[in-house]
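Undergrad: Can you keep this structure in mind? I'll have questions shortly.
The values are calculated or read from the model by the stated rules, or taken from the named source; none is laboratory data. This structure is a prediction, so every number in the text was calculated from the model and none was measured. For neighbour counting, all protein chains shown are included, and Cβ atoms are generated from backbone atoms with ideal geometry for every residue, glycine included.
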Amino acid sequence: MSLARRLLISVPYTWLLALFLVPFLIVLKISLSDYANSIPPYTPTLEVGEGWSGIKEFWSALDFENFVFLTEDALYIKAYWSSLKIAALATFFTLLIGFPFAYGIANAPQEWRPSLLMLIILPFWTSFLIRIYALIGIISNDGFLNQFLMWIGAISDPLVIMNTNLAVYIGIVYTYLPFMVLPIYATLEKLDSSLLEAAQDLGCTRISAFWSVTVHLSKPGVIAGCFLVFIPALGEFVIPSLLGGSRTLMIGKVLWEEFFSNRDWPLASAVAVILLLVLIIPIVLLQRNEQMQREQNK
């Protein structure tokens with residue numbers, strides 16, 4: 001392997017080492033520490049500056065007290081489970097909305113596709129917080145949606161959407177919709193339309209041909225889109241805090257409260273480590289899916 005190739009490959013590995021592995025090891029070190037009423041609010045159990053003696057003392061006194069506490073407290077178990085459920089349902093709703101969007105763009109005239117894709121990507125040009133606050137102005141009790149529905153006589157009392165899980169689902173779907181549309185569109189755009197004609201010539205109806213050909217061949221894009229939505233939604237903090245309120249329990253909110261409200265950094269770090277380990281599973285599955293897709297395209 002040439003020197004230039006090695007240098008090129010070393011760039012992403014250096015990036016991962018500096019911005020992922022090192023911070024993870026720091027958080028893991030804090031998670032194995034003891035809480036203390038000081039600044040910083042923990043007592044390190046590993047002192048690297050003490051050399052080998054410090055490492056031996058660390059191993060002799062090593063305990064997983066913070067991790068054990070997470071398994072014993074029902075709040076954290078419920079928070080993890082609630083986060084998994086909300087992220088999974090939000091991903092499903094995003095797929096239901098995103099697939100027709102991607103299918104429509106892929107089947108639109110060639111000259112229209114760049115403009116339609118621009119409309120999907122356009123919200124990213126606006127600050128994430130501004131978009132969430134704009135959504136609050138739409139779905140709040142005196143927001144635009146309720147005012148419009150009451151104006152046309154569809155409802156007599158305002159719909160209660162804010163501070164519910166429904167508001168969180170709306171926020172996640174609205175925010176992460178492009179992550180679902182773009183990979184599905186990239187798959188559908190390469191679809192050979194003659195396959196649908198062949199399926200219909202062989203006796204399939206238009207609906208059965210759509211399910212047998214279009215949906216089946218779009219599976220790589222669907223899987224990639226679902227992972228791209230599910231992974232960030234699982235650890236989401238801003239959306240459940242601003243839209244869900246106190247009624248929505250997600251691990252991102254619990255993590256923030258442990259760090260900044262309770263100032264229990266060791267316990268919060270343990271929460272973060274477990275969350276990362278949970279996220280590794282879909283990340284590995286996504287990488288395997290991409291690897292299988294590359295092998296099939298060879």
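Undergrad: Looking at ASN146, is it at negative phi, part of a helix (DSSP H, G or I), in contact with a Pro (Cβ under 8 Å, 6 or more places away or on another chain) and without any contact (Cβ under 8 Å) to a residue 60 or more places away in the chain?
TA: Answer is yes for this residue.
Undergrad: Are any residues in segment 243-262 surrounded by 16 or more Cβ atoms within 10 Å (Cβ to Cβ) and not in a helix (DSSP H, G or I), and if so, which ones?
TA: Answer for segment 243-262, where residues must be surrounded by 16 or more Cβ atoms within 10 Å (Cβ to Cβ) and not in a helix (DSSP H, G or I): THR248, LEU249, MET250.
Undergrad: Okay, next question. So, in segment 134-174, of the ones that are exposed (fewer than 14 other Cβ atoms within 10 Å of the Cβ) and in contact with a helix residue (DSSP H, G or I) (Cβ under 6 Å, 6 or more places away or on another chain), which residue ends up farthest from CYS226 (Cα to Cα)?
TA: Among them, the one singled out is ILE155.
Undergrad: Same structure again: Just wondering, is there one or more residues in segment 163-181 that are under 21 Å from the mean Cα position of the chain (by Cα) and not in a helix (DSSP H, G or I)?
TA: Yes, some residue in segment 163-181 is under 21 Å from the mean Cα position of the chain (by Cα) and not in a helix (DSSP H, G or I).
Undergrad: Continuing with this model, one more query. Can you name every residue in segment 1-40 that is at pLDDT below 80 and of a type in the set (Ser, Thr, Tyr)?
TA: Result: SER2, TYR13, SER38.
Undergrad: Now for a different question. Which condition breaks for LEU285 when tested against (1) over 20 Å from SER218 (Cα atoms); (2) touching a residue at least 24 places away in the same chain (Cβ under 8 Å)?
TA: Failing condition for LEU285: (1).
Undergrad: Hey, another quick one. ALA108 versus (1) in a helix (DSSP H, G or I); (2) touching a helix residue (DSSP H, G or I) at 6+ places or on another chain (Cβ under 7 Å); (3) without any contact (Cβ under 8 Å) to a residue 40 or more places away in the chain; (4) closer than 30 Å to ASP192 by Cα: which is the lone unmet condition?
TA: Every condition holds for ALA108 apart from (1).
Undergrad: Further, regarding this structure: Taking the conditions exactly as written (closer than 21 Å to VAL168 by Cα and acidic (Asp, Glu)), does GLU290 satisfy them or not?
TA: no
Undergrad: Pull up segment 175-209, narrow it to residues that are surrounded by fewer than 19 Cβ atoms within 10 Å (Cβ to Cβ) and touching a residue at least 24 places away in the same chain (Cβ under 8 Å), then point me to the one that is nearest to LEU242 (Cα to Cα).
TA: Across segment 175-209, the extreme among qualifying residues is ALA186.
Undergrad: So, one more: Please identify the pairs in which a residue from segment 18-32 that is outside any helix (DSSP H, G or I) has its Cβ atom under 6 Å from the Cβ atom of a residue that is of a type in the set (Ser, Thr, Tyr) and surrounded by 11 or more Cβ atoms within 10 Å (Cβ to Cβ), counting only partners at least 6 apart or on another chain.
TA: What qualifies is LEU32/THR45.
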